[in-house]
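The values are calculated or read from the model by the stated rules, or taken from the named source; none is laboratory data. Because the structure is predicted, anything quoted here is derived from the model rather than measured. Using ideal geometry, Cβ is built from the backbone for each residue, glycine included, and neighbour counts are taken over all protein chains shown.
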Amino acid sequence: MSGQHAPPPETGLRTGPPIDPSVAALGCQSVTKTFGAITAVDDVSIGIDQGEWVSIVGPNGAGKTTLLNVLNGFYDPDTGGNIYLSGEDVTTEPSYKRARKGLGRTFQGLELFEDEDVLENIMTTRAVKQRPNLLSALLFYVGGGRRTEAENMRRVEEILDYLELWEYRHSTIGSLPLGIQRRVDLARSLALEPDVLLLDEAMSGLTFDEKYDMVRFLADLHEKEGLTLVMIEHDLEVVTDVSQRMIVLDQGAIIARGEPDSVVDDPEVQRIYTGVE
Amino acid sequence: MVDVGALFSVLVTGIGVGALYSLIAIGFSLIYKITGVLNFAQGQFALLGAFLVVTLSTSLPLWMFDVQVPVVAALILTVLIGAALGLLLERFVFRYFIGEPVLSVIIVTLAFLSIIDGGVRFFISSQYRAYPDALQPDWSVSLPFDTAVQAPFVLGVVLALLTVAGLMAFFRYTVMGSILRASASDQQAAMVLGVSIERTIVVAWALSIAITSIGGILLAMSSGGAGFTIGDVTILVFAAVVFGGLDSIPGAFIGGLVVGVLRQFGVYLEEFLMPGLDSVLPMVFLLVVIMVMPYGLFGTERIERL
Amino acid sequence: MPSGEYFTSYEDRMGLLRWRIEYVAFALGLPIPLLAPFVMTGQLVSVFTLVFIFIIGVLGLHVMLSYAGEIVLAQGVFMGIGAYTASRIINELALGILPAMLIAGLVTAFIALVFGLPAWRVKGFYVAISTLALQFIAIQFFFRRSEFAVIHGGTQQSLPSNIGLVTDVITIGSATEEYFFAFVVMVVFAVLTMNLSRTGIGRMFRALHENDLSAQVLGINRFRNKLMAYAIGGFMVGVSGALYAIYIGFITPEFYSIDITLLQYVMLLLGGMGRVWGVILGVTTVELLNHYLLETLINAFPEATALEPVFFGVIIIVVLIVEPKGIMAALGQLKEYLRKWPYAY
Amino acid sequence: IGGDSGDSDGVQVGGIHDLSGATSDVGQPTGRGTRDALKWVNQNEDLSFDINHDWVDYAYEVPQAQNQYDSLTSGDNPPVIIGWGTADTEALAPDVANDEIVYISASYSDKLLAEDTQYNFFINLDYTSQGRAHAKWIADNDPDAKVAMIHNTTPFGKSPVDGTESYAEELGLDVGDNITLELAANTADTQVERAMDNDIDYLIHQNTAAPMQVLLSSVSDLEADLTVMGLTWTVDEFRATSAADAFEGVRYVNTNKTWGQVEEAAPDGWQIIQDSFEREGHDMSNPEIANVNYVRGVAHALLAVEAIKRVDDDGGDIRSGAAVREKLLELDDFDARGLLPVTLDYQEGDRRATMFGQTYEVSDGNMVPDQNIELDRREEWLP
Amino acid sequence: MSSAQEEEPPVIELDNAEIVYDRNFLAVQGVSMEAERGDIVALLGPNGAGKSTILKMISGIGRSERGEVTRGSVYYEGEGVTNADTNEMVDRNVTHILEGRRVFEDLTVEENLRCGLYRGGRRVRYSKSDYDIAFEYFPQLEELLDTEAGYCSGGEQQMLVIARALIHRPNLLLLDEPSLGLAPKLVVDIYDTLREINREENITMIIADQNAKETLEIADYGYVLENGQVELHDPAGVLMDREEIKEFYLGTSSEESRYSEIRHYKIRKRWK
Ligand SMILES: Nc1ncnc2c1ncn2[C@@H]1O[C@H](COP(=O)(O)OP(=O)(O)OP(=O)(O)O)[C@@H](O)[C@H]1O
Ligand SMILES: Nc1ncnc2c1ncn2[C@@H]1O[C@H](COP(=O)(O)OP(=O)(O)OP(=O)(O)O)[C@@H](O)[C@H]1O
Ligand SMILES: [Mg+2]
Ligand SMILES: [Mg+2]
């Protein structure tokens, strides 16, 4: 068991978090999540520092997605664990509140609003950020709804421009290639102006070019905007190249953590995850 | 003040009518389970069955044709016509809605509601039709507390039990049963396994209409004949299937019984509380159930994963 | 059609009328409903008044169903609540139509919130049935029992045939007056609904509709927004109910049964979900269809009037077979086809 | 399209019938009776005017009735409209009062006798008085019996309950709690058992045909020893013949003659019916059309014709509803050419056509006329 | 065609096929390709290139998405099957594994497998031994029989759909993105298994996948699609050695890691 009080220093691959979860940008302390007989997340503690880029890897069904879901409040953890967002205990807060506090998220299965076009998809989360007011929305011309909308659209188009999505802005999601859809998913969470971004396999199913683009955007966001990135990824090449730290999950528990290069060389990790010697 | 005998007979009558609701509810959840459609014309299909039997077994003409066959033949014919209707509906209607929004199909069922109601009025009768004596069996089964269960109720309970058992076995133990559920869950993935969606629709509707007609006939038998108020059973069927969970066959069965009992109990309570409870009680109970168990007793919970 | 964007500002781009052709259509189209009552028969004026009233109600349904994705089967009772409220305000307080409409809307919005409470846990078709249950309880029980007259003011009520807009200023009574009044109210609500759809709230509704799971994780409060949709939708349906009561002049619980709910679903889905224009088209088509079918049958085959619902049903099915997403979508396809014509792709 | 009235020398008698809607089973024969009779009058009577009567179906939907009404009133108002049921009659009551159009319908709620529904007329006992007539019959024939009302919870179902109960009590009858039986009931077992537990001897039933059948079916299943007494919409020849067993012994009350009665007595009105059946090709042996409701429809038409004719005879304006109403109130010898068992007597301030109820008992599928009941014309029974 | 008369015709052959969706969207233009009996054919290309579309038109399921072969033709074992529907292709023993692990979520694993037994309604009864072929290659599934498929992990679901297709006893197996979202070890495992199945059961396969490296490793022949057209096609071994493939699909052209340089890459556009 990792210590409850003072976080132990980062010593080895299998020790506790180097950053105290309760003061981290995003953290959790002894979180467990079970579904009936399955323990999807098993007593996990992590702390992610402001501005870090962390990757989570692990075999299928290891509980990676579940961990993200617990972190952002889609699932309530089993009793006992705590979740922290910029030093604040948010364990009991619903997911939408955490999102508004700056926790962005992309999805393994995209979960875009399929029948809408790209612009609308992004405008939606932008609307969340704005907290629209019913009366001004209804009146539109009189109550300032129009001004707010125009302002939102301006911001959204900046994002579109930034992610090089401009030419697709009026295409419906269903008709777009996967690579673009993944980028729209990213754009959608960026519209919330998050501090911490959770990426669930944002590059799976992409070609090299598309992955390259994605990494390019992420790197820029990380460096220029200081976004904290937590990324689930199966492509180890990407993981080792870009992330500063790496966490390996297996059967819900953390089996290794630390510098990517040293983690991937760990025989245990190789046996369970990479399958190469 | 609590009269055990009276309560017992409320229970018995309730289960009796409930079994008839159950049959119709089973027909309803069958369609929902396989095709995802809420059939708003469920009561009308029951009504159609109830009227077909009279027109076939008495001198009442079916539009310009005066058919009259023995009662047993009329019963069998009605159920067969119901099944054949499933086939026709697929061929001429549902086939065009494969892959289209479910709500459109629901509107189609609303259109059926109009069509059957008007069609029966025009082609069969716009009047209440009393059942011939052969369709009004007068035997009954005696139970304690001086209560007796009428023939249609006994038949209803037996048939409903048989249907539930048969369908449960079908869905649980046969390839076809699994395939029907599979195509409800993912049409395309089922199609690449060789499933013809058309055929699943035929099976769903044919079975459903046949079972529903039986329910409708029994309902008419128990009330002396076929009338248009049979169509109003749809709302009770809704209540029943929600108790049980929309897509659960045993759920529909139990739901039907519960609704039947609650209705009779509502009538019973009228003496102590206020009238009109028989239509309301099932609904109130439905709301309570749904708040506690959003997918009813046995309904399939939607898998919520991200 | 141009592929680039010509708008000089974001504000321009959000206008209801964006293309020159739309301005032209608007300018040409507007006089039609304004002049119509002077050339139509009395019966058609009356039919169209009803169309306008129903459009308001179906717009409410549209907000709840097409925007927020809640399959609410309580149109009937919402209209009923609007009707009973309006009737009390007109009969007992004599405040006139506008206050009656407003209060009817607010009361209905509030009750709609209550109807929306199961949305806390219940989803999909289960919502349909839970609201249907509430509808049933309200109509079959609450409004029918005179014990509750303190609340609903009496099971059956009549409204005066001439009512002022506010107290007794500017009375609305004749068929033409009712027509114009309903038209104006309808236009107001149509514009409000369009506004809703192009601002954040409408977007959040639609997001919840399309994918409530991801929407919540992206910061949308599901329960709150669903309730808001119920309230907004309820408001409109309540107003429509108030107008309906004024139009008919009499209220009784039987008017507000499930039948009216189902009819409005047919209207919405026949027109095509998702667009205000679809609502307008759907309501108009269904009402005119019903009207002319009855009239034609009675003149041509007086013995076969029972077939009216049969023809009605068959026509609905045929239209939906041609375009399952409704008339609006069919028009959209036609437009697309004409746009690309003569090239196939 | 349609609607235009008052051309040349015709007079418009509006019609709002239910031919395809929820109550079309009884609405059809009634509507046909009206239409056929008006046609007959046009063809056979030597009147100075023609009657225009559009054959119109509102399918028991109020907005349709409203549209129809608006259409009828978009030109000159017709003096008379022959309407149909509760929904349209009550919804249009304020309008017809306002527009001064006589509205004759088959809705017999005593509410329509109120001050503010001046222009509503019907030819029968109001529902409450029908119940009272049954109660009086019991008091006369079986004074120690116990009686209870059974009805649905719609305003239609509830309307006679209180009045009947208090009159039965006044007559010294033992009155049990009233029982509800909804329109859409599928069984009445629990209701009947309750009546049996309460030792009810007579159930006075206000409802429509389908629940009546349900009730009778339960009565016979449970072998309950009680008599069901139906108000006007629960029994007619078609039902009595097609379910003779269930209906055996049922009692009924009405104020227009049954088919059998007119056929047997062959009053003047019978000629109209005979000619119409021949002209329209109806089948006299088919009780779906040859029934008390058809007679009812003919009587409605004749009432309108009679009043208009009298206006015309006096040189009044036959297109004025007020004038027609005037004449209706003057009528004192109208019995629809023998189709009604009594003459009607409308008074300003008391538009009860009659206090006379003819009772029937169903026997072998026939509606056999029994005693006639004459009620007091009490002021306090008016709403 | 005439020259191939004596030889066995290819299992599937597309001849200059053009595929249009919805009558207005041209997804594939003039593609010719073929798969010989017992081969594994790799279909590579970026997203939206038309890989899935080709598979969907072979299996006929594309018809349900308003797809149509508007020009050219498709032959199965020498017989024309252009625009045939799914049922017909299933009768000819073609099984399609759709993109995205399409398990029947609320059925158990066992019931999912059972669905594989359905062949146009002819099978009604079944026995456990029908599943043997599935357990032979995917023994993990045996323990999961009573789990609802919707709750299985991604890898398990992928195994399940392949197993289900195997039970279907195909002659031609179409696999759409079988490696999507799978952990590296599992990808290797599944591809090894696919190769084994291909050899043991003599099932012809067409695999459309992003993961060019693993796919080409087990494939006999490869096609590279771009914008609905075939850009390259060669035996897998040849293809693997081509520069453009190395650079764009395999990432083995240079020793240098491909992503690390991004850290120094300046993005001109600014956000915020
Ligand atoms: N809502 C749920 N109900 C029941 N079991 C669940 C649920 N969500 C996840 N699980 C189970 O929890 C385990 C972990 O699943 P999770 O989706 O977190 O895996 P993962 O590491 O993201 O895998 P992958 O790489 O395939 O996405 C799996 O066994 C899965 O079946
Ligand atoms: N049902 C459809 N209707 C209309 N267009 C479609 C449909 N399915 C695919 N498309 C379009 O056809 C083109 C080819 O798509 P396809 O799915 O075949 O590509 P793919 O190579 O399989 O890509 P991916 O790697 O994303 O699966 C794409 O532009 C896509 O948008
Ligand atoms: Mg995952
Ligand atoms: Mg693809």
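See the values below:
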| read-out | value |
| --- | --- |
| Of all residues in segment E:26-43 being in contact with a helix residue (DSSP H, G or I) (Cβ under 8 Å, 6 or more places away or on another chain) and within 14 Å of ligand 2 (Cβ to nearest atom), the one that is nearest to E:Glu77 (Cα to Cα) | E:Met33 |
| Helices (runs of 4 or more DSSP H) within segment C:100-200 that include 1 or more residues under 30 Å from A:Ala137 (Cβ atoms), modelled with pLDDT of 90 or more and at the interface with another protein chain (Cβ under 10 Å from one of its Cβ atoms) | C:125-137, C:175-197 |
| Output for segment A:203-234, where each listed residue is within 14 Å of ligand 3 (Cβ to nearest atom) and either at pLDDT below 90 or acidic (Asp, Glu) (or both) | A:Met203, A:Ser204, A:Gly205, A:Glu233, A:His234 |
| Residue satisfying all of: in segment E:9-46; touching a Gly at 6+ places or on another chain (Cβ under 9 Å), without any contact (Cβ under 8 Å) to a residue 60 or more places away in the chain and not hydrophobic (A, V, I, L, M, F, W, C); surrounded by the fewest Cβ atoms within 10 Å (Cβ to Cβ) among these | E:Asn16 |
| Near pairs, Cβ below 6 angstrom, 6+ apart or cross-chain, from segment A:44-60 (of a type in the set (Phe, Trp, Tyr)) to any residue that is part of a loop (DSSP other than H, G, I, E, B) and more than 16 Å from ligand 4 (Cβ to nearest atom) | A:Trp53/A:Ser243; A:Trp53/A:Gln244 |
| Evaluation of E:Ser59 against (1) closer than 26 Å to E:Asp192 by Cα; (2) within 14 Å of chain A (Cβ to nearest Cβ) (one fails), failing number | (2) |
| Helices (runs of 4 or more DSSP H) contained in segment C:202-289 and holding at least 2 residues modelled with pLDDT of 95 or more, buried (at least 24 other Cβ atoms within 10 Å of the Cβ) and of a type outside the set (A, V, I, L, M) | C:222-248 |
| Top-ranked residue of segment A:11-66 - restricted to ones that are away from chain E (no Cβ under 12 Å) and among the charged types (D, E, K, R), ranked as farthest from ligand 2 (Cβ to nearest atom) | A:Asp20 |
| Identity of the residue in segment E:131-156, among the acidic types (Asp, Glu) and surrounded by fewer than 19 Cβ atoms within 10 Å (Cβ to Cβ), that ends up nearest to ligand 4 (Cβ to nearest atom) | E:Glu136 |
| Pairs, first β-branched (Val, Ile, Thr) in segment A:177-203, second in a helix (DSSP H, G or I) and within 16 Å of ligand 2 (Cβ to nearest atom), C-beta under 6 Å, six or more apart | A:Ile180/A:Tyr168; A:Val184/A:Val118 |
| Failed item in (1) within 12 Å of another protein chain (Cβ to nearest Cβ); (2) at pLDDT 90 or above; (3) not in a helix (DSSP H, G or I), with D:Ser74 passing the rest | (2) |
| Unique residue being of a type in the set (Gly, Ala, Ser) and more than 12 Å from chain C (Cβ to nearest Cβ) when the list is D:Ser48, D:Ser109, D:Ser24 | D:Ser48 |
| First in segment C:215-236 and at positive phi, second anywhere and at pLDDT below 95 and of a type in the set (Val, Ile, Thr), Cβ under 7 Å, 6 or more apart | C:Gly219/A:Thr125; C:Gly219/A:Val128 |
| Within segment A:92-144, considering residues that are part of a loop (DSSP other than H, G, I, E, B) and of a type in the set (A, V, I, L, M), the one nearest to A:Glu167 (Cα to Cα) | A:Leu112 |
| Segment E:26-48, residues that are within 16 Å of ligand 4 (Cβ to nearest atom), in contact with a strand residue (DSSP E or B) (Cβ under 9 Å, 6 or more places away or on another chain) and more than 22 Å from E:Gly237 (Cα to Cα) | E:Ala27, E:Val28, E:Gly48 |
| Residue among A:His222, A:His234 that is within 11 Å of chain E (Cβ to nearest Cβ) and assigned to a helix (DSSP H, G or I) | A:His222 |
| Positions within segment E:167-187 being within 15 Å of ligand 3 (Cβ to nearest atom) and over 28 Å from E:Ile12 (Cα atoms), in sequence order | E:Gly181, E:Leu182, E:Ala183, E:Pro184, E:Leu186 |
| So A:Leu138, is it away from ligand 1 (no atom under 16 Å from the Cβ) and at pLDDT 85 or above | no |
| Test for E:Ile19: is it within 14 Å of ligand 2 (Cβ to nearest atom) and closer than 30 Å to E:Asp146 by Cα | no |
| Every residue from segment D:168-194 that is within 14 Å of chain B (Cβ to nearest Cβ) and small (Gly, Ala, Ser) | D:Gly176, D:Ala184, D:Ala185, D:Ala188 |
| Enumeration of residues in segment D:145-167 that are in contact (Cβ under 8 Å) with a residue 60 or more places away in the chain, over 18 Å from the mean Cα position of the chain (by Cα) and buried (at least 24 other Cβ atoms within 10 Å of the Cβ) | D:Ile150 |
| Subset of segment A:252-277 that is among the polar types (S, T, N, Q) and touching a helix residue (DSSP H, G or I) at 6+ places or on another chain (Cβ under 9 Å) - its residue that is surrounded by the most Cβ atoms within 10 Å (Cβ to Cβ) | A:Thr274 |
| Residues of segment E:162-197 classified as within 14 Å of ligand 1 (Cβ to nearest atom), part of a helix (DSSP H, G or I) and of a type in the set (A, V, I, L, M, F, W, C), total | 3 |
| Within segment A:164-190, considering residues that are in a loop (DSSP other than H, G, I, E, B) and more than 9 Å from every other protein chain (Cβ to nearest Cβ), the one farthest from ligand 1 (Cβ to nearest atom) | A:His170 |
| Output for segment E:42-89, where each listed residue is within 19 Å of E:Leu175 (Cβ to Cβ) and of a type in the set (Asp, Glu) | E:Glu65 |
| Filtered residue count, segment E:198-250, keeping only those that are small (Gly, Ala, Ser), more than 16 Å from ligand 2 (Cβ to nearest atom) and part of a helix (DSSP H, G or I) | 2 |
| Test: residue in segment A:92-114 that is more than 12 Å from every other protein chain (Cβ to nearest Cβ) and either more than 16 Å from ligand 4 (Cβ to nearest atom) or more than 26 Å from A:His234 (Cβ to Cβ) (or both) | yes |
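Conditions tested, residue by residue: (1) out of contact with any Pro (no Cβ under 8 Å at 6 or more places or on another chain); (2) under 21 Å from D:Gly157 (Cα atoms); (3) not aliphatic (A, V, I, L, M).
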residue: D:Ser48; (1), (2), (3): yes, no, yes
residue: D:Asp54; (1), (2), (3): yes, no, yes
residue: D:Asn67; (1), (2), (3): yes, no, yes
residue: D:Asp76; (1), (2), (3): yes, no, yes
residue: D:Pro79; (1), (2), (3): yes, no, yes
residue: D:Leu92; (1), (2), (3): yes, yes, no
residue: D:Val96; (1), (2), (3): yes, no, no
residue: D:Val102; (1), (2), (3): no, no, no
